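*Asks:* Before anything else, here's the structure in question.
The values are calculated or read from the model by the stated rules, or taken from the named source; none is laboratory data. Since this is a predicted model, take the numbers as computed values, not measurements. Please note: Cβ atoms are built from the backbone with ideal geometry, for glycine as well, and neighbour counts cover all protein chains shown. Please note that ligands, DNA and RNA were not included when accessible areas were found on the heavy atoms of the full protein model with its side chains. Shrake-Rupley method; radii C 1.70, N 1.55, O 1.52, S 1.80 Å.
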Amino acid sequence: MKRLRTGARRLFAFLPALLVTTGWLALTTATPGCGGQAADETRDAGLVLNWTESADPRSIDPHKAGDVVSSGQCGMVYECLYQYDYLARPAKLIPCLAESDPEYDPDTLTYTFTLRDDVYFQDDRCFHPDAAGKYFEDESATQRAEKAPGRKLTARDIEYSFKRLAALPDSGGFWVIEGKIAGLDAWREQAVKLKTDDWKTDGDWFEFFDTAVEGLKVLDDRRISVTLREPYPQFLYAITLSYGAAVPREAAEYYGDQFTRNPVGTGPYMLDHWWEQKEIVWVRNPKFREEKFPQSDDPKDELWKPLMGKRLPLCDTVVFRIIKESQPAFLEFLAGNIAASGMDKDQFTQAMTPQSELTDEYKQKGIRLRSYAEPTIHYISFNMNDPFVGTPAGEKGRAIRRAMAHALNRDDYIRRMQNGRGEKAGQLVPPGMVGHFDDYYMPSQRYDLEKARQVLRDAGFEVTGSGDEWTTVDPATGKQVTVNVLHRSTRDSTKDYAVFLNNMGRRIGIKVENELMTFPEFLARQDEGTGQAYDAGWVMDYPDAQNMMQLLYGPNKPPGINSASYASEEYDRLYKEMSVLDQEVPEQQKRKIELIRQMNEVLDRDVPWVLVEFRKIFSLYHQWFYPAKWDEPNAFAYTYFKFFYVDPGASANVTERESPFWPGFILLVVALTPAVLMGWKIYKNQS
Amino acid sequence: MFAYILRKLLYMPLILFGVILLTFTLFYMVASPDALAKLRLGEKATRMQVLDWQASQGYIEWEDAGLAKKKDIQRMSTADAKLVEFKEGTDYTRSSWVGLFGKYVKSVLLLDFGKDRTDKPVSERLWEGLGPSLSLTLPAFFIAELVGVFFGLFAAMYKMTRIDYSIVISSILVMSINGIALIMFGQKFLAADWAYFPVHGYDTGLAAARFLILPICLYVLVTIGEKVRFNRIVMLDETDQDYVRTARAKGLDENKVLFKHVLRNSLIPLITRWTVAIASLYVGSLVLESFFGIPGLGSLTIDAIANNDVAVVRAIVVLGAVSFMFANLMSDVLYAVVDPRVRLE
């Protein structure tokens, strides 16, 4: 009996451990994760490309996607009427869903698009007759698993997609067509009013899409005309952003607010599953039309020869792993588990020589460096409404702005803060764009400390000091000149940058006060115009200088994108003329370039910004990743994954690694020794 | 005891109301409706879009005159439309704070925290993150506590001997190394260089184990020093008590003295710590989840903070406050269970 009791007690002692183990297994097993469709474990993944993203996309709904990550994901499944030619440089548009270039009537400002005849949406439940008029949550999982063949793309889908972009209150991209298409804004006015919080009660909103819009005319199943209200030469670029993607009405209505995670498109891939914070897996869309890798006889395209003529997409599966921290992402890259990687400051130092070349160690590992200019600009914009640094301060304000522009040592900033990953900016348009001048650098933006102090003296300030310690006093107030700069982040790198600006200010006697804040706070302050200067940046959306020059167009003042509230009649007049010129037409391009030069000169005079740098991207790639051999990627395109290819043999070799025996053994001994010693002590006590 | 628990439970709605009021004030002050709209729509959103979004979320209401004016604006060119100034009170009215607060209270009580930045219901995100978080923190916490108690007890048992010194010095050594550095070294050498574990990732079922072993070991390593030192001090207090001397004088073997008497009487301070820690286990480990790609609530929190996903951060804060309320109640009850001298009146 006693033995039985002892046995029961022992069993009982194991019970908590058993419960904990079972519970733990349940926790790991019951992880729901997989949004959208469930992962198919039995499917053969085929040729797999592993990629990484630092965050989940905000949305895989092309009309809501406003950030780079989301646009990239949308590019896997959705397509627009046009796409960027993969091989052509400078960037050039070619037909995608459209069969050919559009017909454009300049008198009526009407584009007529003709669609290809071989484009189908991927198979999905939303096309099933039983799903008509239903919301996906009203159907069972079994019902949802029963898909129907995707139907052919028609001109109605393009019309619907334009309307949807306008009608969504949280549309991320309506700005690209706002005020541009005849009747669409008025139609939107009504549509937005009909939208409710709940998709199930959005019947009126859905029906309203049947109401015609003056500027959108479906001519037949394959032709649609779009009539603009004013010349808009950037229109094709604008609708090649993800916002111009074609979505099927059935899917948008069936999935409602969850359309964002249940994408249904015509593109090369279909979503297999999206497990937030872990991975997004795309698989080949078997219904993707027969599109082939482009042919080219240009000698510069020689390296692509083995791929030319192959059917797209080249990889069967693309896995985007969500890796937030830079260290694991880099380690996974070095282990060969990811095709490409960016570099943070420490990794850059580790991988690069002081001459900004890849170290031999990395080269021997089969890693290749690719560096190219990004169409972005980093600048500090002054609040031109500010009484001390803005227009109301007159010459004194201009002198402060100009002095700061002269005082910024951009070379030093790029070397120390960016590890050389940048090019100093002396004009608004980045290199490689129409409107960038290789021979032009705004005189006001040249680094010259003595000139900076002289400018301040000329405006009546008292500048005293020597070396790196100066003081600039405004005689009217008797106080040192102070400029308050707002920053959109509180990260360590921003703190270092703030110190850099402090030191810059000390050399000309201006006290630079930096306010580091969260992004929402920054946006609010910028919109309210309560800062003196804002550290800002802009990523160009399309390869037209208008996209950059609009940042200082008067009517775009806050809450618009002209954070400086800069207002110059001359600049606005030049902008208005420049913005409607088509850079593809030689005579117009010539005039456009001339206007941009004049606009730069106006800005040089008024100095609403301190121009800092154009960013340069430095990325590392494994040799087995095909585009690694290419130095001229198109930074505007986001639908490139269908062209990406990995050499399966080479990539497999990199990922095979053996674990050494001794380090693990030693660690195990170190970890277990105390436990063994104490166990022995306890045993000794008992005996 | 029943009356005590009931009284505590009755206080809870009041405390909860305070928490809701605090989070409402905090989040509506930190992220204004304008900033929220821009976060949602992107920096390039126009004023009209911002206002339309705010109207759809109940932050503002268009007035009739405003609507008419809005219509006129829509017929203008974009540039002209942007020139029109919207003045509060003429074209639209901001919804009252009381009304917004009422909606907020209702949503919290119904556990409807709205949608995250990817349009997924926050409650669903929380539920999905719970499993991975607990699969990391539960075993890690229990192992760390077990080892901590064991070493603490041992150090107390052999106080002022080489064993005690070794334990204390090792604890201080581990405590002095920065936790993130330990994690980074562990990940680099054990996972990346020597390939004993995967560098990053997660899976379901048993396959999750190979992704969790290294983070669990690192959790134990990072937290063990502080736990051992705390437990040693608590145990030392007990080993000097008369009852311990009496037990030894009775001839009880040292194991019984230690595990039966000393351990039980040391439980009150330990319970206080455990209840607080257990209440936060569901949030997972912020750093470990982020570094090792475990899609739990810790990683979700970091993600939400980095992306200004106010709805998620708000939900985590509210849930954190609520779980601490329950943890406090639980610790009070457990005091009474482990120590008969404690009376809950």
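*Asks:* I'm trying to understand the selection: among the residues of region A:539-553, which are modelled with pLDDT of 90 or more and not in a loop (DSSP other than H, G, I, E, B)?
*Replies:* Scanning region A:539-553 gives A:Gln546, A:Asn547, A:Met548, A:Met549, A:Gln550, A:Leu551, A:Leu552.
*Asks:* If you go through region A:206-229 one residue at a time, do you hit one that is closer than 26 Å to A:Gln143 by Cα, open to solvent by less than 60 Å² (accessible area, probe 1.4 Å), more than 11 Å from chain B (Cβ to nearest Cβ) and without any contact (Cβ under 8 Å) to a residue 60 or more places away in the chain? Show your work before the answer.
*Replies:* At the first step, the residues of region A:206-229 found to be closer than 26 Å to A:Gln143 by Cα are A:206-207.
If we keep only those that are open to solvent by less than 60 Å² (accessible area, probe 1.4 Å) as well, we get A:206.
From what's left, more than 11 Å from chain B (Cβ to nearest Cβ): A:206.
Subset that is without any contact (Cβ under 8 Å) to a residue 60 or more places away in the chain: A:206.
Yes, region A:206-229 contains a residue that is closer than 26 Å to A:Gln143 by Cα, open to solvent by less than 60 Å² (accessible area, probe 1.4 Å), more than 11 Å from chain B (Cβ to nearest Cβ) and without any contact (Cβ under 8 Å) to a residue 60 or more places away in the chain.
Here's the yes/no breakdown for (1) open to solvent by less than 20 Å² (accessible area, probe 1.4 Å); (2) at the interface with chain B (Cβ under 10 Å from one of its Cβ atoms):
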{"position": "A:Asp124", "(1), (2)": "yes, no"}
{"position": "A:Ala132", "(1), (2)": "no, no"}
{"position": "A:Glu146", "(1), (2)": "no, no"}
{"position": "A:Phe162", "(1), (2)": "yes, no"}
{"position": "A:Glu178", "(1), (2)": "yes, yes"}
{"position": "A:Leu194", "(1), (2)": "no, no"}
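*Asks:* Give the residue that is nearest to B:Asn265 (Cα to Cα), with candidates limited to residues of region B:204-229 that are more than 7 Å from chain A (Cβ to nearest Cβ), surrounded by fewer than 17 Cβ atoms within 10 Å (Cβ to Cβ) and not aliphatic (A, V, I, L, M).
*Replies:* Going through the qualifying residues, I end up with B:Glu226.
*Asks:* Further, regarding this structure: Being surrounded by 13 or more Cβ atoms within 10 Å (Cβ to Cβ) and of a type in the set (Ser, Thr, Tyr) is the filter here, so list the residues in region B:160-169 that pass it.
*Replies:* Hits for region B:160-169 are B:Tyr165, B:Ser166.
*Asks:* State yes or no: is B:Leu334 in a helix (DSSP H, G or I) and either modelled with pLDDT of 85 or more or crowded, with 22+ Cβ neighbours inside 10 Å (or both)?
*Replies:* In short, no.
*Asks:* Has region B:170-193 got any residue that is within 30 Å of B:Lys256 (Cα to Cα), open to solvent by 70 Å² or more (accessible area, probe 1.4 Å) and assigned to a helix (DSSP H, G or I)?
*Replies:* yes
*Asks:* Same structure again: Name every residue in region B:124-142 that is surrounded by fewer than 17 Cβ atoms within 10 Å (Cβ to Cβ) and either in contact with a Phe, Trp or Tyr (Cβ under 6 Å, 6 or more places away or on another chain) or not aromatic (Phe, Trp, Tyr) (or both), in order of residue number.
*Replies:* Across region B:124-142, the qualifying residue is only B:Glu124.
*Asks:* Residues of region A:87-120 being hydrophobic (A, V, I, L, M, F, W, C), under 30 Å from A:Pro149 (Cα atoms) and surrounded by fewer than 19 Cβ atoms within 10 Å (Cβ to Cβ), which ones?
*Replies:* The one that is hydrophobic (A, V, I, L, M, F, W, C), under 30 Å from A:Pro149 (Cα atoms) and surrounded by fewer than 19 Cβ atoms within 10 Å (Cβ to Cβ): A:Ile94.
*Asks:* Here is a further query. Any idea how many residues of region A:262-318 are away from chain B (no Cβ under 14 Å) and open to solvent by 10 Å² or more (accessible area, probe 1.4 Å)?
*Replies:* Residues meeting the conditions: 27.
*Asks:* Could you please let me know if A:Val68 is within 14 Å of chain B (Cβ to nearest Cβ) and among the β-branched types (Val, Ile, Thr)? Quick ask: steps written out before the conclusion?
*Replies:* Numbers: within 14 Å of chain B (Cβ to nearest Cβ): yes; among the β-branched types (Val, Ile, Thr): yes.
Taking the combined requirement at face value, the residue satisfies it.
*Asks:* Right, here's the next one. What single numbered condition from (1) assigned to a helix (DSSP H, G or I); (2) at pLDDT below 90 fails to hold for A:Arg58?
*Replies:* For A:Arg58, the failing item is (1).
*Asks:* Check A:Phe320, A:Phe330 and return the single one that is touching a strand residue (DSSP E or B) at 6+ places or on another chain (Cβ under 7 Å), in a strand (DSSP E or B) and hydrophobic (A, V, I, L, M, F, W, C).
*Replies:* Criteria check complete, one pass: A:Phe320.
*Asks:* For the subset of region A:244-261 comprising residues that are more than 27 Å from B:Arg125 (Cα to Cα) and either under 22 Å from the mean Cα position of the chain (by Cα) or not charged (D, E, K, R) (or both), which member is surrounded by the most Cβ atoms within 10 Å (Cβ to Cβ)?
*Replies:* Per the criteria, the residue is A:Ala245.
*Asks:* If you don't mind, another one. Hey, which of the helices (runs of 4 or more DSSP H) in region A:446-534, taking only ones fully inside, have at least 1 residues that are at pLDDT below 90 and of a type outside the set (Asp, Glu)?
*Replies:* Result: A:492-506, A:519-528.
*Asks:* A:Ala635 - would you say it is of a type in the set (Gly, Ala, Ser), modelled with pLDDT under 95 and either in a loop (DSSP other than H, G, I, E, B) or under 20 Å from the mean Cα position of the chain (by Cα) (or both)?
*Replies:* Numbers: of a type in the set (Gly, Ala, Ser): yes; modelled with pLDDT under 95: yes; either in a loop (DSSP other than H, G, I, E, B) or under 20 Å from the mean Cα position of the chain (by Cα) (or both): yes.
Here the answer is yes, as A:Ala635 does meet what is asked.
*Asks:* Restricting to region A:331-343, what's the tally of residues that are more than 9 Å from chain B (Cβ to nearest Cβ) and open to solvent by less than 30 Å² (accessible area, probe 1.4 Å)?
*Replies:* Number of matching residues: 7.
*Asks:* Just name the residue that is farthest from B:Val222 (Cα to Cα) out of those in region B:253-294 that are open to solvent by less than 10 Å² (accessible area, probe 1.4 Å) and part of a loop (DSSP other than H, G, I, E, B).
*Replies:* Filtering first and then ranking leaves B:Ser266.
*Asks:* A further question follows. Could you list, in sequence order, all residues of region B:142-161 that are within 11 Å of chain A (Cβ to nearest Cβ) and not hydroxyl-bearing (Ser, Thr, Tyr)?
*Replies:* Listed by number, the residues that qualify are B:Phe142, B:Ile143, B:Leu146, B:Val147, B:Phe150, B:Phe151, B:Leu153, B:Phe154, B:Ala155, B:Met157.
*Asks:* Of all residues in region B:218-241, count the ones that are in a helix (DSSP H, G or I), within 15 Å of B:Lys159 (Cβ to Cβ) and acidic (Asp, Glu).
*Replies:* Count: 2.
*Asks:* Does any residue of region B:311-322 turn out to be of a type outside the set (Asp, Glu) and within 22 Å of B:Ile183 (Cα to Cα)?
*Replies:* Checked against the condition, which is being of a type outside the set (Asp, Glu) and within 22 Å of B:Ile183 (Cα to Cα), region B:311-322 yields no hits at all.
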